[in-house]
1. Test each condition in (1) buried (at least 19 other Cβ atoms within 10 Å of the Cβ); (2) more than 17 Å from A:ALA407 (Cα to Cα) for A:ILE198 and report the one that comes out false.
2. Residues that are in contact with a Lys or Arg (Cβ under 6 Å, 6 or more places away or on another chain), in contact (Cβ under 8 Å) with a residue 60 or more places away in the chain, of a type outside the set (Asp, Glu) and assigned to a helix (DSSP H, G or I): does the stretch A:66-81 have at least one?
3. Name the residues in the stretch B:27-55 that are of a type in the set (Phe, Trp, Tyr) and either outside any helix (DSSP H, G or I) or within 9 Å of another protein chain (Cβ to nearest Cβ) (or both), would you?
4. Just to be sure, is A:PHE203 more than 14 Å from chain B (Cβ to nearest Cβ), in a helix (DSSP H, G or I) and closer than 30 Å to A:TYR33 by Cα?
5. Could you check the stretch A:473-515 and list, in sequence order, the residues that are under 27 Å from A:GLY537 (Cα atoms) and touching a residue at least 60 places away in the same chain (Cβ under 8 Å)?
6. Please go through (1) more than 30 Å from A:LEU395 (Cα to Cα); (2) surrounded by fewer than 17 Cβ atoms within 10 Å (Cβ to Cβ) for A:GLU319 and return the number of the only condition it doesn't satisfy.
7. With the requirement that a residue be of a type in the set (Phe, Trp, Tyr), in contact with a helix residue (DSSP H, G or I) (Cβ under 9 Å, 6 or more places away or on another chain) and at pLDDT 95 or above, what does the stretch A:375-405 give you?
Amino acid sequence: MTTNSKTDKPRRFRQSMTALHTWIGLLPSWILYFIFITGTAGYFDSEINQWMQPELPIAGPPKDQTTMLAMAEQELYQQAPDAEHWIIELPNEREPYLHIYWETHLTKADKEGLSEEEVEAKREALQGDLLLDPQSGKPLNYSGKAEKARDTAGGDTLYRMHYRLRYLPDGFARNLVILASLFMLIALITGIIIHKNIFKDFFRFRKDKPLRALLDGHNIFSVFSLPFQLMITYSGLLFFLSSIMPLLIFAPVAMMGFDVENMRSARSIEEMSEKNQALIKVVEEHIFKLPVELEPSGKKVDTISLELVAQRLISEQGERKIDEVTIDNIGDSNARVAFFFPSEIDSSASTNIVYDGVSGEQIVKEDSGIELSAVTEVDTVMRNLHEGLFAPPLLRWLYFISGLMGAGMIATGSILWSAKRRRQLEQRQAKHIGVSLVEALNAATVIGLPIGVAAFFWANRIIPAQLESRVEWEVHSMFIAWAIMFVHALLQNKSRVWFEQCLIAAIAFALLPLLNGLTGERHLLNSLPQKDWIMAGFDLCMIAIAGLFFAIALKLHKRQADKATAHSASQLSQGA
Amino acid sequence: MLLFFALVDKELIATASDDINVLAIASVFNSMTTIGLSSFLIYSAAAIWVFHCDSAKLAWSSLMLPSLAGLCLIYLQLPPAIQGLLSP
């Protein structure tokens, strides 16, 4: 009896966890799949941006950093000599152009008596940006005699969709993503608990038994990428900490005597009370280590040349890769030049060194005696791990593959749920609308969403480059294609849906490189010989995805044919 | 989280003046991050326990009712500034 009760307890525990894993995994699975697909695409957002702007020319090899800064500065003096702030982004492996921005902040007096739209229009008039050739420092010569690259939603939109979704109010979408992520965390933990043979399952795939194959596929996707899935879910939740627990932010603020109501109601920092603004400055400077932004003094003084400051930086720090340079209060005695460096896994993106913009002396911050705890370091590492901005190309591909495995894990899990129920229903010769709906949702999401993404890329090349609302229509195309796939999944015979959608996906992705060739100059025949790896990589990736969908379609077709043969054979034998 | 605010060093509240106490802010920031990071683990453990309980009675008596009672007690100990934030 004692032995039985001892073995019963863990078995009962595993059983209850299995039920929890099943339901908590199924309910948010379609949203999670959307989050994983769009988030995974986001790891290559810059590359997608460039493919979606085929007018961009191939960038030549960059000059040294000091020369590029001098060239950018020269162009900024031509484009925006009166702007208060300049930003220069130096090229890197993923973004090969020199990017300059300029802006002038609006003061309270500037905004007085203006409506929100008027303020926005005024703000837009005071800012601008331009891409420069990293060789010549001159504005890019766009291919096809275009004056500028087309507006596009780009990879940034795909990336943003993974935490903002689309067409939903911001707060509602955020809460939906939080809820799905909380469910995912529990699904992962319960998945580990119910998994008796993690090591054994790592090597097991029973392809001849469809249900077993699905389970083995689910296990393989999960076990292979388990550390990634745990990290990405947990760290993703950390980004929403202040939304999940607003008290975490506002309670200490209130305790220290600051005005929480003012902080909550203000739309921007400028609208907050002076005391709240002072608090935010302290947090930015001492906790997030951002450079202090000074108000212009009004005293006109020439700003030191960037070349000189850059040379001083190199003499003090050695040759160091610069990510971005900001110049505040240009032409004012309070001018500041801040150098930002690429983010690393254990440091925030704001690692910076600041120089006085007039004397060129480094501004060394006073030691405030603040030491952030190990837990805060863990928090920084987790957030950096989630974003993967530090990742070199190989690691970025690993992120991409792990993200796809996460999507595969979610997809196989929900298909397994419906396949099990379908078999039970068939045994009882019964029908169930819920199971049919889940089946349609599964097909329309697992294959329909990638078709939607392909439609997004197609729309980028088909919608006229001059159309004003083309950015919105690129995104609409994605969701229209996805909706059509859902209707198709609802109406079409269940045995044909997966095959047909896989075939559509294969064709849609396979033709994208051809479409690129017809609508741009950086197609595979040019990009491969010219070692234009960003464009070639995108096109080759589309061919690989098409191949994957084609292979699945073939497999499904073969299974259907086998089933039909077995069915007619059994009918023949019955007739005999 | 509320327990932390109930037990927190009252000196922090004494900094409610026009001067901004940078060290106090850093200390609060560190504590907040610890609470934030551990909250998801506590949530997971609680969710697993609730679903593991075979009966709703056990779930309520073992975790949910004691938690609610604890919350009420802690609420009464909170500084008025935080109580104000929690009031509807």
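1. Only one criterion is unmet by A:ILE198, namely (1).
2. Looking through the stretch A:66-81, none of the residues is in contact with a Lys or Arg (Cβ under 6 Å, 6 or more places away or on another chain), in contact (Cβ under 8 Å) with a residue 60 or more places away in the chain, of a type outside the set (Asp, Glu) and assigned to a helix (DSSP H, G or I).
3. Across the stretch B:27-55, the qualifying residues are B:PHE29, B:PHE40, B:TYR43, B:PHE51.
4. No; evaluated as a whole, the condition is false for this residue.
5. A:GLU474, A:VAL475, A:PHE479
6. (1)
7. To start, the set of residues in the stretch A:375-405 that are of a type in the set (Phe, Trp, Tyr) comprises A:390, A:397, A:399-400.
Subset that is in contact with a helix residue (DSSP H, G or I) (Cβ under 9 Å, 6 or more places away or on another chain): A:390, A:399-400.
Answer for the stretch A:375-405, where residues must be of a type in the set (Phe, Trp, Tyr), in contact with a helix residue (DSSP H, G or I) (Cβ under 9 Å, 6 or more places away or on another chain) and at pLDDT 95 or above: A:TYR399, A:PHE400.
Every residue, every condition in (1) free of Cβ contacts under 8 Å to residues at least 24 places away in the same chain; (2) assigned by TED's automatic domain parsing to the domain that holds A:GLU371; (3) assigned to a helix (DSSP H, G or I), yes or no:
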position: A:ILE220; (1), (2), (3): yes, no, yes
position: A:GLN229; (1), (2), (3): no, no, yes
position: A:SER235; (1), (2), (3): no, no, yes
position: A:SER242; (1), (2), (3): yes, no, yes
position: A:LEU248; (1), (2), (3): yes, no, yes
position: A:ASN262; (1), (2), (3): yes, yes, yes
position: A:LYS281; (1), (2), (3): yes, yes, yes
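The values are calculated or read from the model by the stated rules, or taken from the named source; none is laboratory data. Just so it is clear, the structure is predicted and the values come from calculations on it, not from any experiment. Please note: Cβ atoms are built from the backbone with ideal geometry, for glycine as well, and neighbour counts cover all protein chains shown.
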